[in-house]
Amino acid sequence: MAKTACRPETIYESNTVDIQHCPDCQLIHLTMGSITVRMSEHHFTQFAQDMSKGLFEFSAMTQPQATMRVMM
């Protein structure tokens, strides 16, 4: 049985990440520098949501909290 070659198509590309989708193997190829992670479409969706939540929490932790003023 001949295996088809993986031919991923770029979804998004920046200075730090390259995100590709392969219609042949139905995987997302997430490349960050010399590291490439291949994951299912479902896992990629969950990963992206988790990263977004993590960024929100990180931003909330690192930004100075505005002081509340109470008017009396």
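The values are calculated or read from the model by the stated rules, or taken from the named source; none is laboratory data. What you are looking at is a predicted structure, and each value in this text was computed from that prediction instead of being measured. So basically every Cβ, Gly included, is an ideal-geometry build from the backbone, and we count neighbours across all protein chains shown.
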Keeping to the stretch 29-42, report how many residues are free of Cβ contacts under 8 Å to residues at least 12 places away in the same chain and within 11 Å of the chain's Cα centre (by Cα).
1
Does the stretch 5-28 include one or more residues that are touching a strand residue (DSSP E or B) at 6+ places or on another chain (Cβ under 9 Å) and on the phi > 0 side of the Ramachandran plot?
yes
Filtering the stretch 6-21 down to residues that are in a strand (DSSP E or B) and either in contact with an Asp or Glu (Cβ under 7 Å, 6 or more places away or on another chain) or at pLDDT below 95 (or both), which residue is nearest to Thr36 (Cα to Cα)?
Gln20
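Hey, can you tell me all the residues within the stretch 25-40 that are part of a loop (DSSP other than H, G, I, E, B) and either touching a helix residue (DSSP H, G or I) at 6+ places or on another chain (Cβ under 9 Å) or surrounded by 13 or more Cβ atoms within 10 Å (Cβ to Cβ) (or both)?
Within the stretch 25-40, the first condition is being part of a loop (DSSP other than H, G, I, E, B), and the residues that meet it are 25-26, 33-34.
Of everything in the stretch 25-40, those that are part of a loop (DSSP other than H, G, I, E, B) and either touching a helix residue (DSSP H, G or I) at 6+ places or on another chain (Cβ under 9 Å) or surrounded by 13 or more Cβ atoms within 10 Å (Cβ to Cβ) (or both) turn out to be Cys25, Gln26.
So, of the residues in the stretch 22-72 that are among the basic types (Lys, Arg) and at pLDDT 95 or above, which turns out to be nearest to Thr10 (Cα to Cα)?
Keep residues of the stretch 22-72 that are among the basic types (Lys, Arg), which gives 38, 53, 69.
Pick out the ones that are also at pLDDT 95 or above and you get 38, 53.
On the way: Arg38: 14, Lys53: 24 Å.
Ranking the candidates gives Arg38 first.
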